[in-house]
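Read through the structure below, which is laid out as structure tokens, and then see the notes.
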Amino acid sequence: MVKFKERRKEPRVIFERPLGVRLMTIDGTRTSDCLLIEVTDAGARLKVTDHAAALTEFFLILNSFGSPVFRHCKRVWVDGDQMGVSFNKANIGIKTLEEVRREAELV
């Protein structure tokens, strides 16, 4: 999709064979399979089902085993079966270098 590539300025990974991932509603009551087509540090492009395209905010679960790897997402656009999302980076436990140093000194 050309529109997506023109809007994105940061480097991205485009998967030759899209990766199978899952969407989960914020309250955790529903999940849906989807495909991860491409990803950047700020967002992703997904191939989704009709009902998943209606979600405005959800978790994108990137692994199917072990500790969950996920991103909190907000829908930016929908075009047919594809959806562009942005990652909400607020309150996800990202620590500054100074915080990491302080915690290391306490051990």
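What follows draws every value from the coordinates through simple rules; no lab data is involved. Since this is a predicted model, take the numbers as computed values, not measurements. Methodologically, a virtual Cβ is constructed for each residue, glycine included, from the backbone with ideal geometry; neighbour enumeration extends over all protein chains shown.
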Q.
Is there a quick way to get the dipole size of segment 19-83? I mean about its Cα centre, with the Cβ of Lys and Arg at +1 and of Asp and Glu at -1; what is the value in debye to the nearest 20?
A. 120
Q | Length released on extending from Phe15 to Val78, taking residue separation times 0.36 nm less the Cα-Cα span | A | 20.7 nm
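Could you list Thr31, Thr56 so that the one with the fewest beta carbons within 10 Å of its beta carbon is first and the one with the most is last?
On the way: Thr31 14, Thr56 10.
Listing Thr31, Thr56 from fewest to most nearby Cβ atoms yields Thr56, Thr31.
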Q) What list do you get for Phe15, Phe59 if you sort them by fewest beta carbons within 10 Å? A) Phe15, Phe59
